[in-house]
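The values are calculated or read from the model by the stated rules, or taken from the named source; none is laboratory data. None of the values given here were measured: they were computed from a predicted structure. Positions of Cβ are generated from backbone atoms using ideal geometry, with glycine treated the same way; all protein chains shown enter the neighbour counts.
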Amino acid sequence: MWIHKMSLHMITHAVMFAVIATLVKKYLQILYQLDDLQDRCLYAEWEHSNKADLNTHKTQDESQKSNMKFNSFETCQSNLKTHVCHFKNLCYQPKENLFVYFYNKDEIKYSSINRNNIPSLSTPADFTGHKLPLTFLSENFSSQFSVRWINKTSYIFNRFKSDNLMHVIHDDLLPLHFTMKHFENLKLKMAALDKFDAQIVFMDDWPPGDYRALYELFTNYQPQYKIDLQGIEQQHGKEVQDGRELVCFSSAIVGLLTDTLWYNYGFIGPQGPILDSTVNAHQIKSTSNFILHHLDSNAQHSIDFIVLISRKENRKIMNEDDLVKAILQEFSMKVVTISSETHSLTDMITLVSNAKGVIGMHGSLLILAMFLKPGSFLIELFPYAVSPVQYTPYKTLANIKGLEINYASWENTDQKSTVSHIDYPSEHGGLMHLQSEVQKEIINQEKVPKHLCCDDPSWLYHIYQDTFVDISAILNLIKIVMKSGKIANTRHFAYLETPSEVRNLNCKLIKEQTCSLNISWEIPWNMQFLTFDKLNYEIILEESRAEASVKYVTDKLKLEIHDRIDCEKDYIVWGKAVVDGMSHDNYISKDCHN
């Protein structure tokens, strides 16, 4: 009887398990079908929007239509400040201005990309308006498009403000160079001044602009613009786009690393230095030396001279000629006046890189101070009511440890020495669009109130004023910074004291209950001779058959990695030491096999 009851009990359990297993299987099938149905709905919506174009403009060459299914994948690097992803097989749909990620259902669960974790195309801190426009489709649809493949490694980003040199260098070129060195140096030990074997892809709507040549210095290929990818052809005065065509990147880095940024423009709070910035002199000098090397200029100057940045349209120094004569008389030193209207960018950079110092009104050309030699000076001039304490992008640059730029500022505190322009266009500080009471309040201000970026009328009115500068005060500042410069020159090579290569880099795949990768190394040889505050190690892990990578930072001499390690795969480990944010550009590598 007991055996009979036990058998009945076991049979009941077996039946229950079978029923549950059947229900789970059915549930998973329904879930899969639902997911697939969502994809089909998304695709149908997309297809419907292009129906008119597809009926009117049939694909002329059906052989271009890919019958081969493919999927996208990526590796992303994230921290509190930046999120950059290295994509394989990322596609762009020109008509909708969308990027398409073709996912594999079995692999998507391991992906670091999702609708809530999309990289930004631009770098400025707290600016959220330039997220990658990304949509997801099942890989099953990838064969239904005509695909034009771009097989060069592509760096995809938005220029934030391509008509302003400060933004071009701070927001674009410094992060671009840092990012390219990070990804390209993993492939081979290239020389520090070699151009990169990659292309730049701009997804913004800015025209090429006056500073296009600066971007072109970094790669062996011409930059691509969004209009190039859209394949726009002029036919009978109409723009024609093929809604079924994709432009796909076999290897694309989306977004830029922001380690080199030092200034926040004030989108959610008043502008000021980025408090946790990790920028260092080595990064700045690496980019400035790269630009100088590739500019078509080898001019050298054997005598000391000072550069005065002149503005011709607004924010002018009204007694500029008197200032030049006074400097020459006081210091017996030549003054070279430069401006965007009278000098090429190459000439301005070359002159600044050879100058004893730079003087100029607050403005974008002061970013050229990054090309100054250690021990040089920068004197920044401010119009009436514009406080040097509130606007410090160039002061922050000059104070980066290791650059050794001696900074001073002068502010006009005499309202009688200012020439205002109430009738200017509003974007240049005009006030005619405001009520008379507001105009009077702004005109009578002794200090611009703190404000957000970027069109505060009080800020614009005061910053676009012209100024009669106090020549004697400026001469005194020159004496102070030149005296400081003599001290700085004795230690301006400090930023070159970077750690040598890490020693005995080793790695081992260990398979126990799960697979893990153990990495170890030894401290660089020259650390015994360096004075430093902080020593870290950057370790980068890359699958041998893929270009995607993951970066780790530690202050230890070993690292154990458990996440997403497969003992059946081969890996490459790259490592370098970083002292106070400075390091050699090149990593050393080690192959890891089971």
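Remarks
- Filter result for SER162 (small (Gly, Ala, Ser), within 16 Å of the chain's Cα centre (by Cα) and outside the structural domain of TYR394 (by TED's automatic domain parsing)): yes
- Condition met for ASP304 (more than 29 Å from the chain's Cα centre (by Cα), over 26 Å from GLN390 (Cα atoms) and in contact (Cβ under 8 Å) with a residue 40 or more places away in the chain): yes
- The set of residues from segment 508-517 being surrounded by fewer than 15 Cβ atoms within 10 Å (Cβ to Cβ) and either among the acidic types (Asp, Glu) or within 33 Å of the chain's Cα centre (by Cα) (or both) comprises just one member, GLU512.
- So ILE539, is it in a loop (DSSP other than H, G, I, E, B), surrounded by 17 or more Cβ atoms within 10 Å (Cβ to Cβ) and at pLDDT 85 or above: no
- Meets criteria (hydroxyl-bearing (Ser, Thr, Tyr), touching a Gly at 6+ places or on another chain (Cβ under 8 Å), assigned by TED's automatic domain parsing to the domain that holds MET318 and surrounded by 21 or more Cβ atoms within 10 Å (Cβ to Cβ)) for SER353: no
- Residue among PHE331, PHE290 that alone is in the same structural domain as LEU460 (by TED's automatic domain parsing), surrounded by 14 or more Cβ atoms within 10 Å (Cβ to Cβ), touching a residue at least 24 places away in the same chain (Cβ under 8 Å) and closer than 30 Å to VAL579 by Cα: PHE290
- Residues of segment 354-398 that are of a type in the set (Gly, Ala, Ser) and under 20 Å from ARG311 (Cα atoms): ALA355, GLY357, GLY360, GLY363, SER364, ALA369, ALA385, SER387.
- Selection count, segment 436-474, where residues are in contact with a Phe, Trp or Tyr (Cβ under 8 Å, 6 or more places away or on another chain), surrounded by fewer than 17 Cβ atoms within 10 Å (Cβ to Cβ) and closer than 30 Å to ALA326 by Cβ: 1
- For LYS58, the conditions (1) assigned to a loop (DSSP other than H, G, I, E, B); (2) at pLDDT 50 or above; (3) over 15 Å from VAL247 (Cα atoms) are fulfilled apart from (2).
- Residue match in segment 176-193 (condition: under 19 Å from SER122 (Cβ atoms), aromatic (Phe, Trp, Tyr) and out of contact with any Pro (no Cβ under 8 Å at 6 or more places or on another chain)): yes
- Exactly one residue out of VAL324, VAL335 is of a type in the set (A, V, I, L, M, F, W, C), more than 30 Å from SER162 (Cβ to Cβ) and not in a strand (DSSP E or B), and it is VAL324.
- Considering only residues in segment 136-160 that are of a type in the set (Ser, Thr, Tyr), out of contact with any Phe, Trp or Tyr (no Cβ under 7 Å at 6 or more places or on another chain) and part of a strand (DSSP E or B), the one that is surrounded by the fewest Cβ atoms within 10 Å (Cβ to Cβ) turns out to be SER146.
- Restricted to segment 75-94, and to residues there that are in a loop (DSSP other than H, G, I, E, B) and surrounded by fewer than 18 Cβ atoms within 10 Å (Cβ to Cβ), the residue that is modelled with the highest pLDDT is LYS81.
- Given (1) at pLDDT 95 or above; (2) acidic (Asp, Glu); (3) in contact with a Pro (Cβ under 6 Å, 6 or more places away or on another chain), index of the condition ASP470 fails: (3)
- Residue in segment 340-352 that is farthest from HIS294 (Cα to Cα), counting only those that are part of a loop (DSSP other than H, G, I, E, B) and touching a helix residue (DSSP H, G or I) at 6+ places or on another chain (Cβ under 8 Å): SER340
- Scanning segment 124-140 for residues that are out of contact with any Asp or Glu (no Cβ under 9 Å at 6 or more places or on another chain) and not acidic (Asp, Glu) yields ALA125, PHE127, THR128, GLY129, LYS131, LEU132, LEU134.
- Counted residues, segment 364-386 - those being under 19 Å from GLU411 (Cα atoms) and either among the aromatic types (Phe, Trp, Tyr) or not assigned by TED's automatic domain parsing to the domain that holds SER484 (or both): 3
- Scanning segment 403-435 for residues that are in contact (Cβ under 8 Å) with a residue 40 or more places away in the chain and part of a helix (DSSP H, G or I), we see that the one that is surrounded by the most Cβ atoms within 10 Å (Cβ to Cβ) is SER417.
- Residue match in segment 528-535 (condition: outside any loop (DSSP other than H, G, I, E, B), modelled with pLDDT of 85 or more and either on the phi > 0 side of the Ramachandran plot or outside the structural domain of LYS181 (by TED's automatic domain parsing) (or both)): yes
- Test: residue in segment 186-196 that is under 29 Å from LYS95 (Cα atoms) and under 19 Å from the mean Cα position of the chain (by Cα): no
- None of VAL448, VAL389, VAL438 is assigned by TED's automatic domain parsing to the domain that holds ILE379, within 25 Å of HIS170 (Cα to Cα) and free of Cβ contacts under 8 Å to residues at least 24 places away in the same chain except VAL389.
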